[in-house]
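S.K.: Can you read through this structure? Questions will come right after.
The values are calculated or read from the model by the stated rules, or taken from the named source; none is laboratory data. The model shown is predicted, which means the values in this text are computed figures rather than measured ones. All Cβ positions, glycine included, derive from the backbone under ideal geometry; neighbour counts span all protein chains shown.
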């Protein structure tokens, strides 16, 4: 039996869903948020590598809710950790490194600038920087982003240039204008960030403080300031300084009294009514019972992998290939993940150390390698000469190289090549355990700094999310199958950018008077082990519910609204038309703000009785009359029935056990 | 020996508490359910022989050494002598409690009580290892195969295989060179069989390598890395700030701290 109808139902509580919940609740809507993960609070977060790096404390468990991965459509996908985002209230904004860049205006019009290179689906966004600017600003001021915008007096509390580089000197050249200064001064620089500042400046680059969604002023909004504990990217913030939606937007939404969050509720299907409008969402509650939650408007914000999966699981007689897939057939396509040319700067003099586990994760960046056109030394055949932002990054749990913390360094040394998540063992082909291991750990730990490029990968139709034909999760639902391989353009640009990082690393060593080595990595066309192939550590993911300007070439319109289901929206990273050369979260939040603001301004059109499909469905005729009720069994419905049946057995078993428990 | 770091001792105390009917009936119902659950989870222990074999294997992987650090020379124990087996046993028992709600400046007091005071997360609440199909949970059926039981069996079989390879002795009685040869051969064999693909089916020795690394370089609260010995060796301060109520004095790092290279004091 269905639950009482709610006004707005948001699936997902992360950067997209959390922001949408805040905007709509403050606009007077009654909002319900479904989140498949638990509602963790700060007392559960600690500076702990075991819990966060190795026990799947917050990520999707590949044994319970697997995903499968393959590089090409010819391969059989294997179960793997694929781009595992946080699975808890706050979503990806819970674990992320908080780097909060605005996209530069060029990133919204890549097809206009470069055409569509062969084997790519490069396109323009249906909106531009000027459209999003107010929404970037609103998010910055509300959740609290710390940075230094050019053209304004620095934020109150700015510690001065002794501690911080100047604002982004290239912003004007990019047309990156701001309407307000950030509300908070930048996060403190780590030791390696200070060296990066000196080294990159000496090399002619223009480093600036990375805008971070981290509170830097004690007491701001009643929150604690960052104490530079060093456990940032990959951990939940133990004192709430990180501006995740958990402690910012969702708190504000709850404060209105109009928002309800339901944790441990996993959506499995969106149902439509006879008019072809979204009617309800079926979900598994925390006791694994199937619930039906009717709503007048539904927003999908379950991330780039799970939003298309939910659309595909919701196939019905009106939408036999999944919701939104009738005209373009593009649901799940154009997955982009960024490529990450990087450099590990290792001190070998036995005296110095970087100790990158102190401080916020991403504190300093430069944009000089964003636009590579006009560079004479660029390799031939690069049709899309775009790199990305370059930052020096700190500690992250379980990372294979560079700054992964002591455990992952030990694992990387001990395990033979191919059997630890980094792929190869640089220390010994047989595994460097045994005699000499402890000396090697003592010599290497703390000596590695990490320069990371976040570069724009070309979207391709073949890179996609669909339903795996054989693998199911524990609920009995087909899992997401991710197919991804880099465009040759990505590989060429990645190699070029990585090469540019070598002198930057050498200058960092010079800046502190240390000697050492700089090793680089770049995307390869054919990774050697399955551990290495899946996008496991950098979990940027975008593009699978592409927004566009026509139903033939996109899944949703410029407001994230399904072309043929007017009360169904998307508000997460899957909207991205192209990847952009920056960490995506701030743009996800700005887009969610844009989508929610549209909904709030067009309440009657999208929510009222006047809601009608904007374009004729492929079934034709009057959308409101004579169409079959699509809530009947489709693939998703049968899967949920199977899950219900399977789980009923388990529940009965558990009840029996509980009765027989000694107590 | 009982130290505040010894979770096994804590667990046994807890078991004794649970066994006391009077204590159990005084608990409110949800806590009682949790106690029952913890009892089911904590009933796993290695036999003394298994402990001995695993300690020998861990100490072969990470043998004792005199190490030159950035802060001078230091004598460092083998993994088996610094709690590695305790770590694995805590892990496989499902009773390992995560270090949440802990509040301590690094190294302030040797062997400071670091057992969580609030907000601790028992292992069953955590994924990957925390689900075991046969144990009841208070609010939610958990009808999935037990990763915990798979790992327990993996270790039991692994110990037997090590003993068989050292026959006619047992593995822990074999000389160090022979132990290393056995483990190298096992690693080569596993690397041939296991393609590195998928999740949840890594063979014994490759799993042991992961767990020894976690034991030695993870937080001592889990039973390994006793007295922070391996963290001190690499000059790693560990958690500088942990949870529960916001930053306290001496927690975290200031901009001035970070503007210079870190040197271990004391």
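S.K.: Could you check how many residues of region A:364-383 are surrounded by fewer than 21 Cβ atoms within 10 Å (Cβ to Cβ) and part of a strand (DSSP E or B)?
M.R.: Residues of region A:364-383 that are surrounded by fewer than 21 Cβ atoms within 10 Å (Cβ to Cβ), as a first pass: A:368, A:371-383.
Cutting the leftovers down to part of a strand (DSSP E or B) gives us A:371.
The number of residues fulfilling the criteria is 1.
Rundown of residues vs (1) modelled with pLDDT under 95; (2) away from every other protein chain (no Cβ under 14 Å); (3) in contact with a strand residue (DSSP E or B) (Cβ under 7 Å, 6 or more places away or on another chain), yes/no style:
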| site | (1), (2), (3) |
| --- | --- |
| A:230 | yes, no, no |
| A:236 | yes, no, no |
| A:247 | yes, no, no |
| A:281 | no, yes, yes |
| A:286 | yes, no, no |
| A:292 | no, yes, yes |
| A:302 | no, yes, yes |
| A:321 | no, yes, no |
| A:335 | no, yes, yes |
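S.K.: Just one of (1) surrounded by fewer than 24 Cβ atoms within 10 Å (Cβ to Cβ); (2) not in a loop (DSSP other than H, G, I, E, B) trips up residue A:51, so point out which.
M.R.: Failed condition: (1).
S.K.: Let me ask something additional. Go through region A:1-41 and give me each residue that's part of a helix (DSSP H, G or I) and closer than 20 Å to residue A:561 by Cβ. Before the answer, list the steps.
M.R.: Here is the first cut: in region A:1-41, the residues part of a helix (DSSP H, G or I) are A:15-26.
Across region A:1-41, the qualifying residues are A:15, A:16, A:17, A:18, A:19, A:20, A:21, A:22, A:23, A:24, A:25.
S.K.: Which members of region B:198-209 meet the condition of being at the interface with another protein chain (Cβ under 9 Å from one of its Cβ atoms), modelled with pLDDT under 90 and at negative phi?
M.R.: So in region B:198-209, the residues at the interface with another protein chain (Cβ under 9 Å from one of its Cβ atoms) come out as B:198-200, B:202, B:206, B:209.
Pick out the ones that are also modelled with pLDDT under 90 and you get B:198-200, B:202.
Across region B:198-209, the qualifying residues are B:199, B:202.
S.K.: If you scan region A:31-46, which residues turn out to be within 8 Å of chain B (Cβ to nearest Cβ) and crowded, with 24+ Cβ neighbours inside 10 Å?
M.R.: Within region A:31-46, A:45, A:46 meet the criteria.
S.K.: Report, by residue number, each residue of region A:448-463 that is in contact with a strand residue (DSSP E or B) (Cβ under 7 Å, 6 or more places away or on another chain) and surrounded by 21 or more Cβ atoms within 10 Å (Cβ to Cβ). Spell out how you get there, then give the answer.
M.R.: Step one: list which residues in region A:448-463 are in contact with a strand residue (DSSP E or B) (Cβ under 7 Å, 6 or more places away or on another chain), which gives A:448-457, A:459, A:462-463.
If the condition is that a residue be in contact with a strand residue (DSSP E or B) (Cβ under 7 Å, 6 or more places away or on another chain) and surrounded by 21 or more Cβ atoms within 10 Å (Cβ to Cβ), then A:448, A:449, A:450, A:451, A:452, A:453, A:454, A:455, A:456, A:457, A:459, A:463 are the ones that fit.
S.K.: Identify the single condition in (1) in contact (Cβ under 8 Å) with a residue 40 or more places away in the chain; (2) part of a loop (DSSP other than H, G, I, E, B); (3) under 26 Å from the mean Cα position of the chain (by Cα) that residue A:205 does not satisfy, given that it satisfies every other one.
M.R.: Residue A:205 satisfies all of (1) in contact (Cβ under 8 Å) with a residue 40 or more places away in the chain; (2) part of a loop (DSSP other than H, G, I, E, B); (3) under 26 Å from the mean Cα position of the chain (by Cα) except (3).
S.K.: All but one of (1) part of a strand (DSSP E or B); (2) within 18 Å of residue A:545 (Cα to Cα) hold for residue A:326; state the number of the condition that does not hold.
M.R.: Tallying (1) part of a strand (DSSP E or B); (2) within 18 Å of residue A:545 (Cα to Cα), residue A:326 fails exactly one: (1).
S.K.: Something else: If the requirement is being crowded, with 24+ Cβ neighbours inside 10 Å, without any contact (Cβ under 8 Å) to a residue 40 or more places away in the chain and farther than 23 Å from residue A:259 by Cα, which of these qualifies: A:359, A:329, A:322?
M.R.: Numbers: A:359 fails: without any contact (Cβ under 8 Å) to a residue 40 or more places away in the chain; A:329 fails: crowded, with 24+ Cβ neighbours inside 10 Å.
Among A:359, A:329, A:322, only A:322 is crowded, with 24+ Cβ neighbours inside 10 Å, without any contact (Cβ under 8 Å) to a residue 40 or more places away in the chain and farther than 23 Å from residue A:259 by Cα.
S.K.: Scanning region A:467-502 for residues that are closer than 26 Å to residue A:583 by Cβ and outside any helix (DSSP H, G or I), which turns out farthest from the other protein chains (Cβ to nearest Cβ)? Step through it out loud before you land on a result.
M.R.: Within region A:467-502, the first condition is being closer than 26 Å to residue A:583 by Cβ, and the residues that meet it are A:480-502.
Filter once more, keeping what is outside any helix (DSSP H, G or I): A:480-487.
Details: A:480: 15, A:481: 14, A:482: 14, A:483: 16, A:484: 16, A:485: 17, A:486: 20, A:487: 25 Å.
Looking at residues that are closer than 26 Å to residue A:583 by Cβ and outside any helix (DSSP H, G or I), I get A:487.
S.K.: Residue A:82 fails exactly one of the following numbered conditions: (1) at pLDDT below 90; (2) out of contact with any helix residue (DSSP H, G or I) (no Cβ under 9 Å at 6 or more places or on another chain); (3) within 14 Å of another protein chain (Cβ to nearest Cβ); (4) in a loop (DSSP other than H, G, I, E, B). What is the number of that condition?
M.R.: The single condition residue A:82 does not satisfy is (2).
S.K.: Return yes when residue A:315 is touching a residue at least 12 places away in the same chain (Cβ under 8 Å) and surrounded by fewer than 23 Cβ atoms within 10 Å (Cβ to Cβ) and no when it is not. So that I can check it myself, show each step before the final result.
M.R.: Working: touching a residue at least 12 places away in the same chain (Cβ under 8 Å): yes; surrounded by fewer than 23 Cβ atoms within 10 Å (Cβ to Cβ): yes.
It is true that residue A:315 is touching a residue at least 12 places away in the same chain (Cβ under 8 Å) and surrounded by fewer than 23 Cβ atoms within 10 Å (Cβ to Cβ).
S.K.: Does residue A:506 count as modelled with pLDDT of 95 or more, assigned to a helix (DSSP H, G or I), touching a helix residue (DSSP H, G or I) at 6+ places or on another chain (Cβ under 8 Å) and surrounded by fewer than 20 Cβ atoms within 10 Å (Cβ to Cβ)? Even if it seems obvious, please write down each step before you answer.
M.R.: Numbers: modelled with pLDDT of 95 or more: yes; assigned to a helix (DSSP H, G or I): yes; touching a helix residue (DSSP H, G or I) at 6+ places or on another chain (Cβ under 8 Å): yes; surrounded by fewer than 20 Cβ atoms within 10 Å (Cβ to Cβ): yes.
So residue A:506 fits the description; yes.
S.K.: Here's a follow-up. Give me a count of the residues in region A:289-319 that are in a loop (DSSP other than H, G, I, E, B) and either under 17 Å from the mean Cα position of the chain (by Cα) or under 14 Å from residue A:467 (Cα atoms) (or both).
M.R.: So in region A:289-319, the residues in a loop (DSSP other than H, G, I, E, B) come out as A:289, A:301-302, A:314-319.
After this cut, where a residue has to be either under 17 Å from the mean Cα position of the chain (by Cα) or under 14 Å from residue A:467 (Cα atoms) (or both) as well, the list is A:301-302, A:314-315.
Here the count works out to 4.
S.K.: Moving to a separate point now. Among A:193, A:199, which is the only one that is within 15 Å of residue A:511 (Cα to Cα) and either within 14 Å of chain B (Cβ to nearest Cβ) or touching a strand residue (DSSP E or B) at 6+ places or on another chain (Cβ under 6 Å) (or both)?
M.R.: Working: A:199 fails: either within 14 Å of chain B (Cβ to nearest Cβ) or touching a strand residue (DSSP E or B) at 6+ places or on another chain (Cβ under 6 Å) (or both).
Selected residue: A:193, the only one of A:193, A:199 that is within 15 Å of residue A:511 (Cα to Cα) and either within 14 Å of chain B (Cβ to nearest Cβ) or touching a strand residue (DSSP E or B) at 6+ places or on another chain (Cβ under 6 Å) (or both).
S.K.: Does region B:169-185 contain any residue that is more than 16 Å from residue B:53 (Cα to Cα) and buried (at least 19 other Cβ atoms within 10 Å of the Cβ)?
M.R.: Scanning region B:169-185 turns up no residue that is more than 16 Å from residue B:53 (Cα to Cα) and buried (at least 19 other Cβ atoms within 10 Å of the Cβ).
S.K.: In region B:95-114, is there at least one residue being more than 10 Å from every other protein chain (Cβ to nearest Cβ), at pLDDT 90 or above and touching a helix residue (DSSP H, G or I) at 6+ places or on another chain (Cβ under 9 Å)?
M.R.: no
S.K.: While we're on this one: Taking strands (runs of 3 or more DSSP E) that do not extend beyond region A:218-288, which have at least 1 residues that are farther than 30 Å from residue A:320 by Cβ?
M.R.: Answer list for region A:218-288: A:259-262.
S.K.: To continue, here is another question. Given the structure, is residue B:213 surrounded by fewer than 22 Cβ atoms within 10 Å (Cβ to Cβ), at the interface with chain A (Cβ under 7 Å from one of its Cβ atoms), modelled with pLDDT of 80 or more and not in a loop (DSSP other than H, G, I, E, B)? Spell out the reasoning first.
M.R.: Details: surrounded by fewer than 22 Cβ atoms within 10 Å (Cβ to Cβ): no; at the interface with chain A (Cβ under 7 Å from one of its Cβ atoms): yes; modelled with pLDDT of 80 or more: yes; not in a loop (DSSP other than H, G, I, E, B): yes.
Judged against the criteria, residue B:213 is not a match.
S.K.: Right, another one. Within the set of pairs 6 or more residues apart or between chains, which connect a residue that is at positive phi inside region A:128-146 to a residue that is assigned to a strand (DSSP E or B) with Cβ atoms less than 7 Å apart?
M.R.: Pairs that qualify, where the first residue is at positive phi and the partner is assigned to a strand (DSSP E or B), are A:144/A:184.
S.K.: Based on what the data block shows, is residue A:353 more than 22 Å from residue A:582 (Cβ to Cβ) and in contact with a strand residue (DSSP E or B) (Cβ under 8 Å, 6 or more places away or on another chain)?
M.R.: Working: more than 22 Å from residue A:582 (Cβ to Cβ): yes; in contact with a strand residue (DSSP E or B) (Cβ under 8 Å, 6 or more places away or on another chain): yes.
In short, yes.
S.K.: Among A:223, A:190, which is the only one that is over 30 Å from residue A:109 (Cβ atoms), surrounded by fewer than 24 Cβ atoms within 10 Å (Cβ to Cβ) and either modelled with pLDDT under 95 or in contact with a helix residue (DSSP H, G or I) (Cβ under 8 Å, 6 or more places away or on another chain) (or both)? Write out each step before concluding.
M.R.: Values: A:190 fails: surrounded by fewer than 24 Cβ atoms within 10 Å (Cβ to Cβ).
Answer to the check: A:223.
S.K.: In region A:396-429, which residue that is facing chain B (nearest Cβ under 7 Å) and in a loop (DSSP other than H, G, I, E, B) is modelled with the highest pLDDT? Before you say what the answer is, go through the steps one by one.
M.R.: Kept after step one, since they are facing chain B (nearest Cβ under 7 Å), are these residues of region A:396-429: A:406-407, A:410-411, A:414-416, A:418-419.
Subset that is in a loop (DSSP other than H, G, I, E, B): A:415-416, A:418-419.
Numbers: A:415: 86, A:416: 83, A:418: 71, A:419: 72.
Among residues in region A:396-429 that are facing chain B (nearest Cβ under 7 Å) and in a loop (DSSP other than H, G, I, E, B), the one modelled with the highest pLDDT is A:415.
S.K.: What about residue A:163, is it within 12 Å of chain B (Cβ to nearest Cβ), farther than 28 Å from residue A:246 by Cα, part of a loop (DSSP other than H, G, I, E, B) and touching a residue at least 24 places away in the same chain (Cβ under 8 Å)? Outline the logic, then answer.
M.R.: On the way: within 12 Å of chain B (Cβ to nearest Cβ): yes; farther than 28 Å from residue A:246 by Cα: yes; part of a loop (DSSP other than H, G, I, E, B): yes; touching a residue at least 24 places away in the same chain (Cβ under 8 Å): yes.
When the stated conditions are applied, residue A:163 passes them.
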